[in-house]
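Single-structure report; data block below.
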Amino acid sequence: MKATDVIIYTDMDGTALTDWSLGPVVPERNLARIRSFVSAGGLFSVASGRQAPGILQLFPGVAFHAPLVCGNGSVIYDPAEQQVLRKTCLPPDYKCACVSYFLTHPEVWIVAADETRIWQIVSGDPARDDQLNDWPRPRMSIEDFLSGDYVKVVYILAEGGDMEALKHEVAALPGAELVTGAQSGPRYLEMVDHTVSKGVGIRQALAAAGLEKRTLVCIGDYFNDESMLRQADIAACPSNAAQGIQEICQLITCSNNDGAVADLIEQLGLA
């Protein structure tokens with residue numbers, strides 16, 4: 001297999017990035033191998049829950065010649081033209097149900113994203129709102145959330161909370177049939193429009209760029225990556241990936257902290 005025949009899509013958190021305790025940053029080993037792969041004619045891109053501006057700044061010196069898949073597939077972004085190719089927003093009815101759940105469940109917070117940023121939705125109770133300290137975000141009122149166009153909402157569970165109960169309760173909310181959810185970490189449940197996933201987003205991105213004939217290699221670590229891994233020609237995951245994800249991958253690399261994307265490129269002999 002030659003680099004010129006391949007396109008790689010990587011997840012960010014837990015895959016291309018180190019743990020939060022170490023930055024998070026893209027390890028230099030990853031950056032060096034990605035640059036070599038692209039120089040050899042390979043195409044590299046990202047499929048993440050993150051937004052395009054934050055993704056691009058983490059890859060200095062890396063040329064992106066394929067669309068980014070952001071917001072877990074809800075935004076397709078062309079980095080060359082610096083424009084959104086496709087955006088799928090949350091249904092208004094679901095946003096109302098989400099807010100009602102948030103206000104009646106003090107062990108849960110919600111954050112929302114558009115194509116460029118992510119905000120914490122505030123309840124109006126400073127004592128409660130200040131407890132969410134996993135990382136700093138700008139804050140937004142419930143009213144602004146309900147009146148704006150947002151592509152993703154994330155339920156964040158308190159430490160030690162019951163994720164299975166959260167999933168069950170969220171699935172019973174009014175309008176739940178309008179969205180789809182995927183767990184992206186032990187405390188994070190991400191919701192997007194029901195037509196959206198990383199797998200669908202990658203298909204849309206490849207079609208938009210005329211890249212469907214490339215061999216598709218995907219690497220990710222958690223259940224929001226499952227759709228892209230299942231459609232990849234070669235599916236890979238880092239050694240720190242969830243067990244259910246490891247079971248569907250042909251290749252397992254070193255951990256995210258040790259340069260999982262570089263290890264993938266090396267295992268495939270692409271750079």
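The values are calculated or read from the model by the stated rules, or taken from the named source; none is laboratory data. Fair warning: this is a prediction, and the values are worked out from it, not measured in the lab. Ideal geometry is used to build each Cβ from the backbone, glycine not excepted, and the neighbour counts take in all protein chains shown. To get the accessible areas, we keep the full protein, side chains included, count just its heavy atoms, and leave off ligands, DNA and RNA. Shrake-Rupley method; radii C 1.70, N 1.55, O 1.52, S 1.80 Å.
Miscellaneous remarks
- Value at 222 nm in deg cm²/dmol, rounded to 500, when DSSP H runs of n ≥ 4 in the chain each add -39,500 (n - 2.57): -7500 deg cm²/dmol
- Of all aspartates and glutamates in the structure, the ones whose alpha carbon falls short of 14 Å from that of LYS95, not counting any fewer than 8 places away in one chain, are ASP114, GLU143, ASP144, ASP149, GLU177, GLU190, ASP193.
- Computed accessible area, LEU251, all protein chains, 1.4 angstrom probe, square angstrom: 40
- The chain - percent of accessible surface contributed by carbon and sulfur, probe 1.4 Å: 50
- Dipole of the stretch 6-161 [Lys/Arg +1, Asp/Glu -1 at C-beta], most positive-end residue of SER100, GLY161, GLY148: GLY148
- A simple spin-label model places the labels of ARG230 and TRP20 2.8 nm from each other, with each point 7 Å out along Cα-to-Cβ.
- Extension gain, HIS194-THR215: 0.36 nm per intervening residue step, less the Cα-Cα distance, totals 4.9 nm.
- Fully extending the segment from THR116 to GLN83 would add 10.8 nm, taking 0.36 nm per residue of separation and subtracting the current Cα-Cα distance.
- Contour minus Cα-Cα distance for ASP258 and ASP149 (0.36 nm per residue): 35.5 nm
- Centre separation in Å (Cα based) which lies between the stretch 141-198 and the stretch 29-46: 33
- Exceeding the 29 Å Cα-Cα cut-off - candidates LYS2/LYS87; LYS2/LYS198; LYS87/LYS213; LYS167/LYS198: LYS2/LYS87
- DSSP bridge analysis restricted to the chain gives an antiparallel fraction near 60%, rounded to the nearest 5.
- Accessible area per residue, Å², the chain with all protein chains present, probe 1.4 Å: 42
- Using θ = phi - 60° in the Karplus curve 6.51 cos²θ - 1.76 cosθ + 1.60, the 3J(HN,Hα) couplings for the stretch 116-121 round to 10, 9, 10, 10, 8, 7 Hz; x is entered for Gly and Pro.
- Per-residue packing, averaged as other Cβ atoms within 10 Å, sorts the ranges 225-238, 161-174 into the order 225-238, 161-174, beginning with the highest.
- Size of charge dipole - the chain - debye, nearest 20, with Cβ of Lys, Arg +1 and Asp, Glu -1, no other charges: 840
- Protection proxy ranking, peptides 92-100, 133-141, 262-270, average beta carbon neighbours within 10 Å, highest first: 262-270, 92-100, 133-141
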